[in-house]
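**Student:** Structure in structure tokens, see below.
The values are calculated or read from the model by the stated rules, or taken from the named source; none is laboratory data. Since the structure is predicted, the reported quantities are computational estimates derived from the model, not experimental observations. Heads up, the Cβs are rebuilt from the backbone with ideal geometry, glycines too, and the neighbour counts pull from every protein chain shown. SASA here: full protein model, heavy atoms, side chains in, ligands and nucleic acids out. Shrake-Rupley method; radii C 1.70, N 1.55, O 1.52, S 1.80 Å.
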Amino acid sequence: MNKKYVTLDKKWKEILFAASGFGPNLLMILMGAFFTDAINPAALPSGSYQAISTACFILPAIFPLLWALSKIFDGLVDIPLAALTDSLKTKWGKRRPPIAICFIPMVLSYLFCWIPVFGEGATHQLGNTIWIVSWALVFFSSYTMSLIAFYGSLSTVCATDNQRLRVSSFKSFFDTITYCLVYALVPLLLDAFKMHIDKFAMILLPLMATMLIPLFMIKEGDKFEAKAIKEGYDITPLKDEEKVGIVESIKLTFTNKPFLRWCVVNCCSFFGLQMFLVAMNAMITGGMGMNGTEMAILNTCAFAPVPLMLYLFNKLKARKGLRFAYQTCLLSFAFCILTFVINNRIIMGDDNKTLQLIIGALGGVVGSWAIGSFFMMPYLIPAQISSVEEKLTKKNHSAMYFAAQAFTTSIVSAIASSLVYENIKMFFINKNLDVVWAENAIDASFLLHTSVNGVYNLGTLLVPVIVSIFCIIGFIFAFKMPKHYSPEEVAKEIGLEEEYNKNKDLFPQEKVTLYDEESILVNSALWVLSGSLFGFIWQYLIINSVDKFDNVKNKLVHFIMGIFVPLYYGVTAYKLNKKIVKKLNSFGHNVKDLSVLHLILGLIGLNIISLIIMQKQLNSLLKEIECVN
């Protein structure tokens with residue numbers, strides 16, 4: 001038998017496999033971005049759709065601690081769960097059963113977290129706190145078990161290092177889409193459909209089904225092995241795997257030098273990233289005073305360029321090494337995050353939206369250089385390390401590396417998003433730098449003896465500074481990482497240099513063609529997709545707004561044509577801008593007609609720029625109409 005069985009033998013299978021975690025990750029990111037503010041909207045503007053209601057459903061004094069403990073528990077339980085899936089022996093294999101068993105508990109527990117069954121009011125806060133934390137424990141455990149089993153399969157389903165890099169990159173693309181949806185599109189949709197975040201989360205719940213994809217793609221178990229052997233395939237890596245006990249697995253993982261050095265750096269960047277993501281909505285809507293559309297603009301600038309930036313990142317990695325490329329990402333993120341301080345209302349004021357958008361957009365583009373690598377690295381490095389170890393020692397405990405990484409990041413996440421952010425967001429400040437603790441801005445205004453507009457949330461000012469500091473710390477620690485994380489470097493670091501020299505044939509020297517030939521089209525397509533997903537909705541909202549003061553005939557036809565014939569947007573934009581300019585002129589504004597510019601931008605595919613310009617004019621017009629009415 002000399003034929004090697006390749007699970008992902010076609011490119012579409014690589015892409016589909018990488019998409020497995022799309023649904024669960026999207027809903028987990030949605031929870032991380034909106035959940036704590038949704039049940040305790042102290043840092044949000046009154047009446048925000050990003051909250052379940054105006055009420056605080058939990059006890060602010062104890063919920064952050066319990067929420068942090070639940071995340072730490074999530075990290076702790078990862079270890080035995082990873083050992084279970086690494087050592088599991090069933091006729092269906094070792095990775096598929098945990099995914100199948102955990103799916104229903106994962107879906108139901110997520111749903112129940114968003115339903116504070118005890119209702120509103122101070123007397124019900126304790127009951128809701130216990131209810132939410134209890135279901136969160138179930139969700140975190142089942143979600144993590146599913147994802148760990150999925151991640152653990154990467155070292156075996158990928159036949160080569162090149163394929164592993166490719167699948168990791170595809171996964172990062174899907175992560176980009178999830179972040180675009182959550183941070184760019186969701187705020188816009190909530191405002192457009194006047195829908196509160198809890199209802200929106202429930203509508204998205206069926207997307208959890210993507211987690212079932214590995215059940216059909218991971219080839220393992222008695223039935224598969226018998227069939228593969230009969231067809232003449234060599235599956236010795238599957239049959240000859242040495243069972244690794246939990247104690248040995250933990251020891252191998254936590255004494256692995258290249259993995260530990262990565263964990264230190266990853267914890268620093270994850271601390272900053274997690275705090276930034278959980279606080280971003282409050283920093284933009286509360287701290288910067290922006291609406292859903294303006295928030296979508298800023299987040300699109302940050303997330304839309306990610307596929308292109310990831311392409312450039314891998315080009316730099318090939319020339320300068322993985323460590324150097326990642327260090328540039330940490331520095332760029334440290335820089336861009338400080339634009340949130342500059343753009344805060346306490347510094348910028350309330351009447352400088354255009355300048356805020358320019359500064360925020362530039363900062364977002366700079367930060368997009370880092371975001372793609374933040375998605376890819378935690379998936380790529382543990383899989384690379386475990387693959388080298390497995391080939392040289394026949395010990396497959398890849399899930400434990402992901403569990404150990406999740407354990408460390410769970411603790412970091414608990415500290416960053418629960419203990420730190422959930423507490424500092426309860427502090428408010430005025431321009432005299434007086435600081436008070438309060439449950440919301442209205443209470444703070446009474447304590448500070450000023451109007452609500454004169455009160456600013458201190459947490460939204462402190463978060464960017466904290467994030468920047470931790471990125472710089474991560475940059476410094478990164479000097480201890482291997483330069484490339486190549487098989488040779490990994491083998492030398494873990495004391496298997498002699499075994500590597502004897503078995504170099506297990507690591508064929510491939511020409512890395514992925515980023516020069518195979519996926520530039522995928523990168524370009526996803527760049528357009530990540531920037532246009534919410535753009536279609538945004539376009540409809542503009543059409544609908546214009547229709548309210550100047551009838552737009554066949555508006556649905558124009559919208560649909562703009563989706564399926566992207567260049568047609570230029571024609572639509574030309575007509576819409578004519579109506580906006582005409583109406584503004586009727587109010588006495590001397591507005592320059594840029595309709596031809598919108599036509600050109602649409603024809604060359606720069607719809608986003610057109611939408612930004614048009615939305616700015618439309619906002620001014622809607623204010624005029626509101627004043628008249």
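**Student:** Rg/Rh for the stretch 281-432 to two decimals, with Rh computed the Kirkwood way over all alpha-carbon pairs.
**Tutor:** Details: Rg = 19.3 Å, Rh = 18.0 Å.
Over the Cα atoms of the stretch 281-432, Rg/Rh equals 1.07.
**Student:** Right, something else. Just to verify a number: what accessible area does Val77 come out at with the full protein assembly present, 1.4 Å probe, Å² rounded to tens?
**Tutor:** So the heavy atoms of Val77 present about 30 Å² to solvent.
**Student:** Next question. Structure shown: which of Lys555/Lys575; Lys548/Lys623; Lys257/Lys395; Lys395/Lys492; Lys13/Lys394; Lys553/Lys579 lie over 22 Å apart, alpha-carbon to alpha-carbon?
**Tutor:** Over 22 Å apart, Cα to Cα: Lys13/Lys394.
**Student:** Further question: Which of Ser445, Met275, Leu204 sits farthest toward the positive end of the charge dipole of the chain, with +1 on the Cβ of Lys and Arg and -1 on the Cβ of Asp and Glu?
**Tutor:** Among Ser445, Met275, Leu204, the one farthest towards the positive end of the dipole of the chain is Leu204.
**Student:** Once every DSSP H run of n ≥ 4 in the chain is given -39500 (n - 2.57) and the sum is divided by its residues, what mean residue ellipticity at 222 nm do you get, rounded to the nearest 500 deg cm²/dmol? It would help to have the intermediate numbers written out before the result.
**Tutor:** Working: 30 runs with 424 residues, N = 629.
Value at 222 nm, helices only: -22000 deg cm²/dmol.
**Student:** Cα axis of helix 520-549 to longest principal axis of the chain: angle in degrees, 0 to 90, nearest 10?
**Tutor:** Value to nearest ten degrees: 20.
**Student:** Also: If you filter the stretch 426-505 for GluC sites (Glu not before Pro), then keep DSSP loop positions with at most 15 other Cβ within 10 Å, what is left?
**Tutor:** Values: sites: Glu439, Glu488, Glu489, Glu493, Glu497, Glu498, Glu499; in loops: Glu439.
Those satisfying the criteria are Glu439.
**Student:** Let me ask something else. Per residue, what volume in Å³ does the Cα convex hull of the stretch 543-629 take up?
**Tutor:** Considering the Cα atoms of the stretch 543-629, their hull volume per residue is 77 Å³.
**Student:** Quick one: how many Å² of Phe335 are accessible to a 1.4 Å probe, rounded to 10?
**Tutor:** Counting only protein heavy atoms, the figure is 130 Å².
**Student:** Turning to a different aspect of this structure: Taking all protein chains together and a probe of 1.4 Å, list Lys199, Lys251 from the most accessible to the least accessible.
**Tutor:** Putting Lys199, Lys251 in descending order of accessible area: Lys251, Lys199.
**Student:** Note down the magnitude of the dipole of the chain about its Cα centre, charges +1 on Lys and Arg C-beta and -1 on Asp and Glu C-beta and zero elsewhere, to the nearest 20 debye.
**Tutor:** That gives a dipole near 1240 debye.
**Student:** Report the local net charge at Leu599: Lys and Arg +1, Asp and Glu -1, summed over other residues whose C-beta lies under 12 Å from its C-beta.
**Tutor:** So the surrounding residues net to +1.
**Student:** Could you tell me the distance between the Cα centroids of the stretch 37-101 and the stretch 300-348, to the nearest Å?
**Tutor:** Answer, in whole Å: 28.
**Student:** So how exposed is Lys583, as accessible area in Å² (1.4 Å probe, rounded to 10)?
**Tutor:** Answer for Lys583: close to 60 Å² accessible.
**Student:** Sticking with this structure for a sec: Mind jotting down the distance between the C-alpha centroids of the stretch 169-192 and the stretch 104-123, whole Å?
**Tutor:** 24 Å
**Student:** Can you tell me how much longer the chain between Leu433 and Lys13 gets when fully stretched, taken as 0.36 nm per residue apart minus their C-alpha distance, in nm with one decimal?
**Tutor:** Extra length available between Leu433 and Lys13 comes to 145.5 nm.
**Student:** Moving to a separate point now. Report the trypsin sites (Lys or Arg not before Pro) located in the stretch 345-419 that are in a DSSP loop and have at most 14 other Cβ atoms inside 10 Å of their Cβ, or state none.
**Tutor:** Loop-located and lightly packed - Lys394.
**Student:** Next question. Where only protein heavy atoms count, and the probe is 1.4 Å, what is the accessible area per residue for the stretch 105-186 in Å²?
**Tutor:** 26 Å²
**Student:** Once both axes come from the Cα atoms, what is the angle between helix 398-413 and the longest principal axis of the chain, in degrees from 0 to 90, rounded to 10?
**Tutor:** 30 degrees
**Student:** Something else: I'd like the distance separating the alpha-carbon centroids of the stretch 423-477 and the stretch 584-629, in whole Å.
**Tutor:** First find each Cα centre; the distance between them is then 35 Å.
**Student:** Working from Cα positions, state the angle (0 to 90°, nearest 10) between the long axis of helix 63-87 and the longest principal axis of the chain.
**Tutor:** 30 degrees
**Student:** Within the chain, what whole-number % of the accessible surface is contributed by carbon and sulfur, with the 1.4 Å probe and all protein chains included in the calculation?
**Tutor:** Values: 17180 of 26100 Å².
After summing per-atom areas, the C and S share lands at 66 percent.
**Student:** Right, here's the next one. Which percent, nearest 5, of DSSP beta bridges in the chain are antiparallel?
**Tutor:** 60 percent
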